[in-house]
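First the structure, in the form of structure tokens, and then the observations on it.
The values are calculated or read from the model by the stated rules, or taken from the named source; none is laboratory data. Because the structure is predicted, anything quoted here is derived from the model rather than measured. Note that each Cβ is placed from the backbone with ideal geometry, even for glycine, and that neighbours are counted across all protein chains shown.
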């Protein structure tokens with residue numbers, strides 16, 4: 001039994017098909033754009049060991065940081081060297097953050113999501129650390145950084161299939177810090193799906 005389509009559908013069948021194909025292409029391109037906005041430099045960064053690993057299911061929050069250095073003066077490679085310095089405060093095996101967002105909006109993945117990196121006391125086991133490159137006690141984050149941060153949060157929520165609450169480093173108990181700085185409006189990131 002053949003289903004009879006309404007006359008207007010039958011006349012415009014090719015346009016309906018073209019529209020459906022276009023819709024699929026747009027959805028795919030949006031997904032690709034988010035994926036290509038993240039530049040994986042995990043293995044390019046200096047390191048001298050690995051962090052303890054966790055499951056993706058154990059991740060339950062995103063924590064925003066700032067580098068507390070002049071915007072763009074240093075980069076993820078510099079941050080990695082500082083975090084690994086045996087005479088430094090952290091003496092970590094790798095960079096402490098999972099992602100770094102530069103002033104131009106470029107997003108670098110600096111650790112696997114399964115890495116329990118040392119970015120926030122009392123939240124390393126379950127948090128994703130994102131650093132915005134700049135000192136946001138005295139500077140303003142760029143529009144490109146803010147847009148990329150919002151897209152990154154959306155991507156992480158989609159990838160992990162849950163809405164992750166967003167915190168500033170200073171909001172996690174046990175962390176005496178102003179990070180991510182007074183000029184990062186945390187409320188702008190708390191309700192992103």
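Is it the case that residue 121 is in contact with a strand residue (DSSP E or B) (Cβ under 8 Å, 6 or more places away or on another chain) and modelled with pLDDT of 95 or more? For residue 121, the condition - in contact with a strand residue (DSSP E or B) (Cβ under 8 Å, 6 or more places away or on another chain) and modelled with pLDDT of 95 or more - is not met. Count of the range 11-43 residues, restricted to those that are within 18 Å of residue 99 (Cα to Cα) and modelled with pLDDT of 65 or more, is 7. Take the conditions touching a helix residue (DSSP H, G or I) at 6+ places or on another chain (Cβ under 6 Å), within 23 Å of residue 45 (Cα to Cα) and modelled with pLDDT under 95 and apply them to residue 132. Does it pass? In short, no. Assessment of the range 91-101 against the conditions (more than 17 Å from residue 40 (Cα to Cα), in the same structural domain as residue 164 (by TED's automatic domain parsing), touching a residue at least 40 places away in the same chain (Cβ under 8 Å) and surrounded by 22 or more Cβ atoms within 10 Å (Cβ to Cβ)) yields no matching residue. If you check 104, 188 for being in a loop (DSSP other than H, G, I, E, B) and surrounded by fewer than 16 Cβ atoms within 10 Å (Cβ to Cβ), only one passes: 104. Check whether at least one residue in the range 140-149 is under 24 Å from residue 116 (Cβ atoms), out of contact with any strand residue (DSSP E or B) (no Cβ under 7 Å at 6 or more places or on another chain), in the same structural domain as residue 65 (by TED's automatic domain parsing) and at pLDDT 95 or above, and report yes or no. There is no residue in the range 140-149 that is under 24 Å from residue 116 (Cβ atoms), out of contact with any strand residue (DSSP E or B) (no Cβ under 7 Å at 6 or more places or on another chain), in the same structural domain as residue 65 (by TED's automatic domain parsing) and at pLDDT 95 or above.
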